[in-house]
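A quick write-up on the structure given underneath.
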Amino acid sequence: MSIKAHPPHDLHIPVLLDATLELLKPQKGESYLDLTAGYGGHAEAFLAKTEVQTSATLVDRDEYAIGKLSRFADNGVKLLHTDFVSAATELIEQGKTFDIVMIDLGVSSPQLDQSERGFSFKNSGPLDMRMDRRQELSAEKLVNTAKADELVRIIREYGEESPSQAKRIAAAIVKARPLKTTGELADLIAHEVRGKWGKIHPATRTFQALRIAVNQELQQVESILPLLPKLLKKGGRVGIISFHSLEDRLVKRYFAEQKAAGFEAELQILTKKPLDGATYDVHNPRARSAKLRAAVKI
Ligand SMILES: C[S@@+](CC[C@H](N)C(=O)[O-])C[C@H]1O[C@@H](n2cnc3c(N)ncnc32)[C@H](O)[C@@H]1O
C-alpha cells in the first residue's frame, strides 16, 4: 500500500515514526492493533513490515478518520469506529490478542485544521471539539451550560492555568454567554488577559482544557492502560505517544507501577526515559511536545 495524496488540510505526518518502528520492531507475520489510527500514517508503515492485513485492527472514534482509513479495509484490515476503551473491551471479550499495539494520543492535524470541527481558535468555527460527532456533549454545550466552578476546575486542571487566571476566564465566559464560535471565545479570552500575553496565544490553555473535557481524554487514557496486557500476546509490544504532561504522567505512573510489581508485573518497560519528539523527530513541528514510551508483555 502507498500513502495517497490528500489536499493540504488532510496532511498528517506521523509523529516519531522511525523511533516507534525501531522500538516496537514489527516483524513479518505479526498482528497489529492501532487504537488511534487517525489517517493511517503509523498503520501504513507497520503494515508494510508485518505484511499481513487480515489480523490487523484499526480504531478511531472520528468518522472522518474512519473514512480515510477505509483504504485499508479493502485489504482485509478490520476498522472499528468507536473510542479505544470500548474497542479494547470488545476485542478482549472476543479473546483477540496482538503482537503490536499502537496508541498515538491527541488530535490529528486535519482535526485541528478544519475550522468546522471547532478545535481551533486560529480558524474560527462552531464551538464543537467532539472527536466523535455522535456524542452529545460539545464544547458549545459545555461552555454555555457548565457552572462557573466547573469551568474553573476544567481550565485549571486540564488547561493548567493558574487559579486566578482560570477564575477570570470562567467569569468572563459566564458573563458573555451564549458563545457560538471558537473565534468569539478566543477573542473574549484574549481581551480578558490583555497585556499578559506570553509566548502562546492566551486562549491556548483554555482550548486544550475544553477539548480534554469534551472528549474525556484523560479518563480514556486512564482506562486503557490496565487493558493493555490483556490485548498483547506474550512478547507483544505497545507504544504510546502523548502530547502533554497530563497524558504522559498517567502513562509514566502506570509503567512505574508495572516496574514496582516485581514478579507480578505483566509488562517490562522498554523506555527508561521517554523518547521525545524534539530529539528524535526534529523535522516535524507537531512532534515538538511528543513523548514515546513503550513496553513488552512478559
Ligand atoms: C494523533 S492522531 C493519530 C494519527 C495516526 N497515528 C497517523 O499516523 O495518522 C490521533 C487520532 O486518535 C483519535 N483518538 C483520540 N482519542 C481517541 C480515543 N479515546 N478513542 C479512539 N480514537 C481516539 C483521534 O480521533 C485522531 O484521529
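May I ask you to evaluate 6.51 cos²θ - 1.76 cosθ + 1.60, the Karplus curve with θ = phi - 60°, for each residue of the stretch 123-138 and list the ³J(HN,Hα) values in order in whole Hz, giving x for glycine and proline?
10, 5, x, x, 6, 10, 6, 7, 5, 10, 6, 7, 6, 7, 6, 10
Give Lys167/Lys291; Lys49/Lys297; Lys147/Lys252; Lys96/Lys273; Lys199/Lys259; Lys25/Lys252 a once-over and call out the pairs whose C-alpha atoms are over 26 Å from each other.
Long pairs (Cα-Cα over 26 Å): Lys167/Lys291; Lys147/Lys252; Lys96/Lys273; Lys199/Lys259.
Is the stretch 104-246 best put as rounded, prolate or oblate by its Cα gyration tensor, with a ≥ b ≥ c the root eigenvalues, rounded for a/c under 1.5, and otherwise prolate when a/b is larger than b/c, oblate when not?
Details: a/c = 2.01, a/b = 1.83, b/c = 1.10.
Here the stretch 104-246 falls in the prolate category.
As I understand it, the dipole of the chain uses +1 on the Cβ of Lys and Arg and -1 on the Cβ of Asp and Glu, about the Cα centre. Which of Ala166, Val101, Asn284 lies farthest toward its positive end?
Working it through, the farthest residue towards the positive pole turns out to be Ala166.
Among Ala213, His81, Tyr32, whose Cα lies farthest out toward the positive end of the dipole of the chain, if unit charges sit on the beta carbon of Lys, Arg (+1) and Asp, Glu (-1)?
Working it through, the farthest residue towards the positive pole turns out to be Ala213.
For the pair Lys28 and Lys141, what calculated FRET efficiency results from E = 1/(1 + (r/R0)^6), where r is the Cβ-Cβ distance and R0 = 51 Å, to the nearest 0.05? If you can, show how the numbers build up before the last one.
Numbers: r = 48 Å, r/R0 = 0.94.
Working from the Cβ atoms, E equals 0.60.
Bin width 10 Å, alpha-carbon pairs only: give the P(r) of the stretch 133-214 as whole percents, running from 0 to the bin holding the largest distance.
19, 60, 20, 2
Would you work out if the chain is rounded, prolate or oblate? Take a ≥ b ≥ c from the square roots of the eigenvalues of the alpha-carbon gyration tensor; rounded if a/c is under 1.5, else prolate when a/b is larger than b/c, oblate otherwise. Working shown, then result.
Numbers: a/c = 1.95, a/b = 1.61, b/c = 1.21.
Since a/c reaches 1.5 and a/b is larger than b/c, the shape of the chain is classed as prolate.
Under a Cβ-Cβ cut-off of 9 Å, what is the net charge of the residues other than Ala265 that fall near it, where Lys and Arg count +1 and Asp and Glu count -1?
Numbers: positive: Lys259; negative: Glu257, Glu264, Glu266.
With Lys, Arg at +1 and Asp, Glu at -1, the neighbours total -2.
Output the relative contact order of the chain, whole-number percent, from Cα pairs under 8 angstrom with separation of 6+ residues.
Reported relative contact order: 19 percent.
Show the residues, 5+ positions off or on another chain, whose built amide H is closer than 5 Å to the amide H of Leu80.
Leu58, Val59, Asp60
With a 10 Å Cβ neighbour count serving as the proxy for reagent exposure, in which order, fewest first, do Ile155, Ile200 appear? Please list the in-between numbers first.
Numbers: Ile155 27, Ile200 8.
Starting with the residue having the fewest Cβ neighbours, the order is Ile200, Ile155.
Let me know the longest stretch in the chain that avoids all GluC sites (Glu not before Pro) found in a DSSP loop with at most 12 other C-beta atoms within 10 Å. List each step's numbers first, then the result.
Working: sites that count: Glu51, Glu136.
The longest uninterrupted stretch comes out as 137-298.
Quick check on the exposure proxy: order Lys252, Lys199 from fewest to most C-beta atoms within 10 angstrom.
Lys199, Lys252
Pop out the ³J(HN,Hα) list for the stretch 67-75 in order, Karplus 6.51 cos²θ - 1.76 cosθ + 1.60 with θ = phi - 60°, rounded to Hz; leave Gly and Pro as x.
x, 5, 7, 4, 4, 6, 4, 4, 9
How big is the charge dipole of the chain about its Cα centre, in debye rounded to the nearest 20, if each Lys and Arg gets +1 on its Cβ and each Asp and Glu gets -1 on its Cβ?
Rounded to the nearest 20 debye, it is 680 debye.
Where a number appears in this text, it was derived from the coordinates with a stated rule and is not lab data. Small disclaimer: the values here were computed from a predicted structure and weren't measured. Ideal geometry is used to build each Cβ from the backbone, glycine not excepted, and the neighbour counts take in all protein chains shown.
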